[in-house]
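The values are calculated or read from the model by the stated rules, or taken from the named source; none is laboratory data. Since this is a predicted model, take the numbers as computed values, not measurements. Cβ placement follows ideal geometry from the backbone for every residue including glycine, while neighbour counts extend to all protein chains displayed.
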Amino acid sequence: MIYTDTIAAVSTPHGVGGVALIRISGGEAIRCAAKVFYPSSGISLCDALPSHAYYGNILKDGAVIDDGIATVFRAPHSFTGEDTVEISCHGGVLITYEVLAAVLAAGARQAEAGEFTRRAFVNGKMTLAEAEATGVLLHAKTRAQLELSSPDARAVLSGEVGSVCCELTELLARVAVRIDYPEEDLADIDEEELLSECRALLARVESLVSTYKTGRAVFAGIDTVICGRPNAGKSTLYNLFTGEDAAIVTDIPGTTRDTLTADVSAGRVLLKLSDTAGIRDTEDKVESIGVSRARAKIASAELLISVHDAAVSPNGEDVEILSSSAPVKIALINKTDLGSASFADEYAALARERGAFPVMCALSEGKGFDELVKIINDSFTDGALRPGTDAILSSARQHAEAAEAKESLASAVNALSCGMPVDIAEAELEASLSALSRLDGREVADEVISEIFSKFCVGK
């Protein structure tokens, strides 16, 4: 893909601010900007020094509409790899879009969502994995997401994928010589060495695939449900996670009647959290609807956090909740700070029997919350992984390509172990290389690229 036109967009958020930035990129970017921006020094932007900021006036239809700063970046030394100009003006909504209108009238077209970053990818300024991480960085909700989408983290993932691709390419070249010239004694690799190298590459790809457990928990999030009988402390826990009084808390059973949802962080893990109505039989039609919704949420949860009142003996609802098929279940045995908490041990035994982690807590005082967060992180992330040092897969697309590469390498190892012809192993190695190349954008369909960059904002 080759871009020949020039694009422009406002690259700062919509709204009033001190400064707004209009970005222009493409072969005619500098000439286009020179028709709009006139440095006070009298120099034309066409003659401007690269990476130097120039103060001047911004004109539209021959009239000065604002003053500001323009910076010229000449290809290939720019974000997109093309000639680029960034014009900073005052950050009023009207004046910002007046400046953009002047730039568009000078010959640029409105950029599409993610088009600047897409051009950076097409022009080799970043890999597809780095571009995806940039998109995550723009929408980051947690500190862990910031860490795993940082420039260092992006570079590590691309570096690891690139390294494996290079080794696979070199290995395939040696295998091809062996296959194509069997009688020329040109091959420098035998079956034993080939098998050893394939196993080593398989181990690296397996390690990479395993990181998606952490990447998914950090980026995509875990469907999490808070549940329990009425008045057990569910809404108090929900408020602890959100850091605000998002859910009404009273001592009246049945206060929560509908499902409340929020994205919250629990250590490194993003929780797609739902607070549900208390599970009980009720004649109240509205509450009954809430209970039905709660049961539906429980049935689909990846992480179930059940809250139990230690002063009340377990009943059928507690057994129902703890019998959920959720992959991870945590039973918070609440109000253990009260002298009436006589059923705490009974709840703990029930939780263990049903495969749940029991946690003694007093949610009104925040006690037990840190232990809860630790269990969540231990269950869904690998604490040994270090952002910026270890390569970590962050998207389902990346995981799918890495898993395919792993499967092909495993097939190659199996073929060689069973004494099959080297040609079979070569085909599997080529399939593995192709999958890894798609992961990092070396061989990826244009539809996939379009889907990735469509999630970016305009101006980025």
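Values computed for the structure shown
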| quantity | calculated |
| --- | --- |
| Qualifying residue in the stretch 123-144 (condition: β-branched (Val, Ile, Thr) and more than 30 Å from the chain's Cα centre (by Cα)) | no |
| Unmet criterion (only one of (1) touching a helix residue (DSSP H, G or I) at 6+ places or on another chain (Cβ under 8 Å); (2) assigned to a helix (DSSP H, G or I); (3) of a type outside the set (A, V, I, L, M)) for Arg352 | (1) |
| Count of residues meeting criterion [over 30 Å from Ala396 (Cβ atoms) and crowded, with 17+ Cβ neighbours inside 10 Å] in the stretch 108-142 | 1 |
| Selection count where residues are exposed (fewer than 15 other Cβ atoms within 10 Å of the Cβ), assigned to a loop (DSSP other than H, G, I, E, B) and at pLDDT 65 or above, scope the stretch 444-456 | 2 |
| The listed residue being within 30 Å of Ser210 (Cα to Cα), in contact (Cβ under 8 Å) with a residue 24 or more places away in the chain, of a type outside the set (Val, Ile, Thr) and not in a loop (DSSP other than H, G, I, E, B), out of Ser325, Ser379, Ser364 | Ser379 |
